[in-house]
Every structure is written in C-alpha cells, then in structure tokens.
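Everything on this sheet refers to the single structure shown next.
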Amino acid sequence: MDELSNSVIFPRGEENTAFAKYFVGRSYLNMLTSSKVAIGNVTFEPGCRNNWHIHHGKGGGQILLIMGGRGWYQEWGKPAQELHAGDIVEIPAGVKHWHGAAKDSWFVHLAVEIPADNASNEWLEEVSDEEYCKLP
C-alpha cells in the first residue's frame, strides 16, 4: 500500500474477514463510528471488489467518500463509473450495485450507512471476472 500511505487519513484497519465471503480479493475495515451513523474506512487491494448488493430500508442507502487510489462503482444495468480521491457516490436504498478497486490500484473509501427503518443489506452474486476484466 505504499502508493497510498501518505494520502490516507485514517488507519487501514484489520483484514475484513467478517465480510470476506462477499468480496473477491482482500479488503480491510476500520469502523470509525458505529453509533447513530455507521462509518467504515474500507481499503481494497488491487483487483478487490465486493459482490453486487442492495441496501434496504425506508430512507436509507449509503454514501461513499473516496479517499484514495482508483476504483469503480456500478449500478445494475448502467456503465461502471471510475472513482478517484474526492469523488462522492450517493447510493439510494433499493439500488443493486457494487464497488471496488481498479485492477492496478489500491482503493480507499469511507462507507457511510444512512440510517433507515428496517435497514439491511442483501448480498448477491459476485461481479464476474469477465465483466470486471473489461474495465480499464
């Protein structure tokens, strides 16, 4: 992670073993807050991405604050968007999506969980290697 070591504000955290089954590759998680609004500092190794998933709950969703590296965000049925430090992604509840690192770059974002009634995450299928490898 040398290329990000001088640009990352929050510590990387431990390997994200609790959610490893929902990721292709290795990620790391440092929960910054867990009361009222959950905010996690998530670090993806090059090529790491999470599965397609949906945040459920009335009024909920997620906000990604991109802290470093280069990564991707994609909503189901739409083209992937390249992400860089300073980008912000607002993900409404009910939207199927994935996010993760580019093949050749570490990627760090803060994941802000928007509080919601009956909030839950539905983890779905992996982003296929075929689909992912088409990205530059």
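Here are the numbers:
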item: Some residue of region 105-125 being under 23 Å from residue 37 (Cβ atoms) and among the hydroxyl-bearing types (Ser, Thr, Tyr); result: yes
item: Selection status of residue 11, within 27 Å of residue 130 (Cβ to Cβ) and assigned to a loop (DSSP other than H, G, I, E, B); result: no
item: Residue 40 vs. criteria in contact with a Leu (Cβ under 6 Å, 6 or more places away or on another chain) and at pLDDT 95 or above; result: yes
item: Residues located in region 47-100, provided they are of a type outside the set (Gly, Ala, Ser), assigned to a loop (DSSP other than H, G, I, E, B) and surrounded by 18 or more Cβ atoms within 10 Å (Cβ to Cβ); result: 48, 52
item: Candidates 83, 65, 29 - the one that is of a type outside the set (Ser, Thr, Tyr) and in contact (Cβ under 8 Å) with a residue 40 or more places away in the chain; result: 65
item: Out of 55, 109, 97, sole residue that is touching an Asp or Glu at 6+ places or on another chain (Cβ under 6 Å) and in contact (Cβ under 8 Å) with a residue 24 or more places away in the chain; result: 97
item: Residue within region 116-129 that is within 12 Å of the chain's Cα centre (by Cα) and open to solvent by less than 60 Å² (accessible area, probe 1.4 Å) present; result: no
item: Flag if residue 96 is among the basic types (Lys, Arg), over 23 Å from residue 46 (Cβ atoms) and touching a strand residue (DSSP E or B) at 6+ places or on another chain (Cβ under 6 Å); result: yes
item: Selection within region 101-115 - hydroxyl-bearing (Ser, Thr, Tyr) and either assigned to a strand (DSSP E or B) or open to solvent by 20 Å² or more (accessible area, probe 1.4 Å) (or both); result: none
item: Residue list for region 68-80, restricted to those being touching a residue at least 40 places away in the same chain (Cβ under 8 Å) and either within 11 Å of residue 107 (Cα to Cα) or of a type in the set (Ser, Thr, Tyr) (or both); result: 68, 69, 72
item: Selected residue (only one of 52, 106, 72 is farther than 26 Å from residue 11 by Cβ and at pLDDT 95 or above); result: 52
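Here is a yes/no grid of residues against (1) among the hydrophobic types (A, V, I, L, M, F, W, C); (2) more than 16 Å from residue 23 (Cβ to Cβ):
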| site | (1), (2) |
| --- | --- |
| 49 | no, no |
| 53 | no, no |
| 70 | no, yes |
| 76 | yes, yes |
| 85 | yes, yes |
| 88 | yes, yes |
| 113 | no, yes |
| 118 | no, yes |
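The values are calculated or read from the model by the stated rules, or taken from the named source; none is laboratory data. Note that the structure is predicted; figures quoted are calculated from it, not measured. No Cβ is skipped: glycine too gets one built from the backbone with ideal geometry, and neighbour counts run over all protein chains shown. These area figures cover heavy atoms from the full protein model, side chains too; ligands, DNA and RNA do not enter into them. Shrake-Rupley method; radii C 1.70, N 1.55, O 1.52, S 1.80 Å.
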